[in-house]
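Enquirer: The structure follows.
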Amino acid sequence: MKTKQSTLFEISKPGRFALDLPKSDVPAYEMETLVPANLLRSKYAELPEVSQPDLIRHYTALSKRNFGVDSGFYPLGSCTMKYNPKVNEDVCRYPGFADIHPLQDVESTQGALELLYQMEQYLAEIAGMDAVTMQPVAGAHGELTGLKLIRQYHRSRGEVRTKVIVPDSAHGTNPATATVCGLEIVEIKSNDDGSINLDALKAAVGLDTAAFMLTNPSTLGLFEKNIKEIAQIVHAAGGLLYYDGANTNAVMGIVRPGDMGFDVVHINLHKTFSTPHGGGGPGSGPVGVKQELIPFLPVPIITYDGKKYDLEYNRPLSIGRMHSFYGNFGVIVRAYAYIRTMGPDGLRQASEDAVLNANYCLSQLREDYDAPFERYSMHECIITSKNQKQFGVKTLDIAKRLLDYGYHPPTIYFPLIVEEAIMIEPTETESKETLDGFIKAMREIAKEARTDVTQILDAPHDTVVGRLDETAAARKPVVRWKP
Ligand SMILES: *Cc1c(COP(=O)(O)O)cnc(C)c1O
C-alpha cells in the first residue's frame, strides 16, 4: 500500500514561503476603515508555511491519485464516461465564445446564437424531433422540463392528467422527476427478458395518464422490442410518450425516438456528445419535442429570419424559464465541436462501435460470470457475481479487486432490479487491447475466487486507502484537518 500523504499543515515550518511578496503598502488605519473592527483578525491565520517546490509536489501528488478517463479505462455503466477529444476544449476557449457575456446585445452575439440555433437543429435531426430547447443543464433537468411541457400540453386542452407510467427498468431520475413535478407514479414490472410487459402497460393506462416514460436502451442495456405497440397503447389513451435519451450513444444515426412515436426526448450532452461530467455539472440536457409541444417551450427561444438571430420572449403559452440565460453555453460549444468533427457517419460509427465493444466484453465475460439476459446488449452490458457467490465473493469485492488491477470499476448494484449487478460500459473509443486487458483482469478475479479468495476479500491492496466504511464516508466525511 502506498504511504499516507502528509497534509501541508504537517510539513509546514515557520518562516518558509512559496512566494516573496513585497510588503503591503496599504496603511493599517486604512485597513481598519475598510474592514469593520469586529471582522479583523487579532492574530495571523494559522496557514501552512512551505516552499514552492514542496507546495507543487504536494498538489501534483494529490492530482495523481485521481482516476479519470485520461488516465485509464473507465467502464462505468449508465454514465457513458467516454473520452472527450481535446479539440472540444480548444474550441470552447476561443475568445469569441469564452469572452462574451449573456447580457450582451444580440447584435454582438450573433455567432453564439447561430451556434445554439444550429445545435438545436442537429439534435432535432439526430432525435427525429421538430424543435429543441438547449436550456436544461442536466438529464434530470431535461426530464423536469419535458414533464412540465407535457403537463402544460394537457392543461391547454382542458384535460386533467396526473399519472406518469414508469417501468421498473427506468433510470431512477424518471420517477424522481415525475414526483418533483407533482405527478403520480405508476410503476410497471418488466418481463423476465427485461422488456416492457404490454399487459401491465394496458392495465395501467387510462384517461388520467399524462405520460409514459421510457429509458431506452433501458438501464438493463437492452433495446425495447415492443416500442410500436407501446406507442400505440399510450397514444390511444391520450397520453404522451417521453423518451429518456440520456444514453443516445447506443443509437445515434441508427434509430430516432421521434420516428418511434415519441413526443418528448431529452439527450445528455455530457454523456453522448463528449462533454465532461464531474462534480454534478455543468452538464446539458437538451429537450426535443414534436410540433404540438412547441408553443410551450421555455423562453427565450432563438429565432432566425434568414438574416439575423434573435431571442423571442413573447410566448404566452411557454412554461417559462428553466434556467438563467440559455443553458450551459460552454458545454454546448464542446458538443457542437464534437458533432461537427464527427459528422453524421462518424456519429453512427461511434454508436456501432460502442455497441460492438459492449457485446465483445459480454461475450468474453460470459464464460466466468453470470449474464442474466440472453440477448445482445446495446452500449452497455450486465453481468453478476452469482457464480462467485459460492466462494463468498460479492460484486463489491470484485469491484474493489479491480482497483488493484488498475481499472476503475464498472457501475455496481445498479440497475436495482438485477441482484449483484455489474454494469459495464466500455464506450467506442477503447481499443481491443484495452478491452482484452480488462477482460483478462476480470477473469483473473474469477479464478482467484476459486483458488485464493482472501486476495479478493481483502482488496484493494495497492491503493492509497483500503476499504472504506462507505456509509460513514458519505454521512460523516472528514474534510477538515485539525492539529
Ligand atoms: C444519467 C442519466 C440520467 C440523468 O442525467 P443527469 O445529467 O445525471 O441528471 C437520466 N437517465 C438516464 C438513463 C441516465 O443514464
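Enquirer: Would you check if L214 is touching a strand residue (DSSP E or B) at 6+ places or on another chain (Cβ under 7 Å), within 12 Å of the ligand (Cβ to nearest atom) and either hydroxyl-bearing (S, T, Y) or under 25 Å from G77 (Cβ atoms) (or both)? Explain how you work it out, then say what you get.
Expert: Working: touching a strand residue (DSSP E or B) at 6+ places or on another chain (Cβ under 7 Å): yes; within 12 Å of the ligand (Cβ to nearest atom): yes; either hydroxyl-bearing (S, T, Y) or under 25 Å from G77 (Cβ atoms) (or both): yes.
Judged against the criteria, L214 is a match.
Enquirer: Within region 425-432, can one find any residue that is part of a helix (DSSP H, G or I) and among the hydroxyl-bearing types (S, T, Y)?
Expert: If we filter region 425-432 for residues that are part of a helix (DSSP H, G or I), which is where we start, we get 432.
With among the hydroxyl-bearing types (S, T, Y) added as a condition, the list becomes none.
No; the residues of region 425-432 include none that is part of a helix (DSSP H, G or I) and among the hydroxyl-bearing types (S, T, Y).
Enquirer: Can you name the residue in region 186-199 that is surrounded by 15 or more Cβ atoms within 10 Å (Cβ to Cβ) and assigned to a strand (DSSP E or B) and is also modelled with the lowest pLDDT among such residues?
Expert: S190
Enquirer: Which strands (runs of 3 or more DSSP E) sit wholly inside region 255-306 and have at least 2 residues that are within 12 Å of the ligand (Cβ to nearest atom)?
Expert: Numbers: elements: 264-267, 287-289, 301-304.
Qualifying strands (runs of 3 or more DSSP E): 264-267.
Enquirer: Can G146 be described as at pLDDT below 95, buried (at least 21 other Cβ atoms within 10 Å of the Cβ) and under 25 Å from N226 (Cα atoms)? Write out each step before concluding.
Expert: On the way: at pLDDT below 95: no; buried (at least 21 other Cβ atoms within 10 Å of the Cβ): yes; under 25 Å from N226 (Cα atoms): yes.
When the stated conditions are applied, G146 does not pass them.
Enquirer: So, I424, is that one at pLDDT 95 or above and closer than 27 Å to E187 by Cβ or not? Quick ask: steps written out before the conclusion?
Expert: On the way: at pLDDT 95 or above: yes; closer than 27 Å to E187 by Cβ: yes.
Yes, satisfied.
Enquirer: Do you know which residues across region 236-254 are of a type outside the set (G, A, S), touching a strand residue (DSSP E or B) at 6+ places or on another chain (Cβ under 9 Å) and in a loop (DSSP other than H, G, I, E, B)? Steps first, answer last, please.
Expert: Here is the first cut: in region 236-254, the residues of a type outside the set (G, A, S) are 240-244, 247-249, 251-252, 254.
Next cut, touching a strand residue (DSSP E or B) at 6+ places or on another chain (Cβ under 9 Å) only: 240-244, 247-248, 251.
Hits for region 236-254 are N247, V251.
Enquirer: Mind checking which residues of region 425-466 are surrounded by 19 or more Cβ atoms within 10 Å (Cβ to Cβ) and charged (D, E, K, R)?
Expert: Listed by number, the residues that qualify are E425, E428, E430, E448.
Enquirer: Ok, one more. Keeping to region 96-124, report how many residues are more than 27 Å from G343 (Cα to Cα) and not in a loop (DSSP other than H, G, I, E, B).
Expert: 3
Enquirer: For the subset of region 154-183 comprising residues that are over 23 Å from the mean Cα position of the chain (by Cα) and loosely packed, with under 15 Cβ neighbours inside 10 Å, which member is farthest from the ligand (Cβ to nearest atom)?
Expert: G158
The values are calculated or read from the model by the stated rules, or taken from the named source; none is laboratory data. What you are looking at is a predicted structure, and each value in this text was computed from that prediction instead of being measured. Cβ coordinates were reconstructed from backbone atoms using ideal geometry, including for glycine residues, and neighbour counts include every protein chain displayed.
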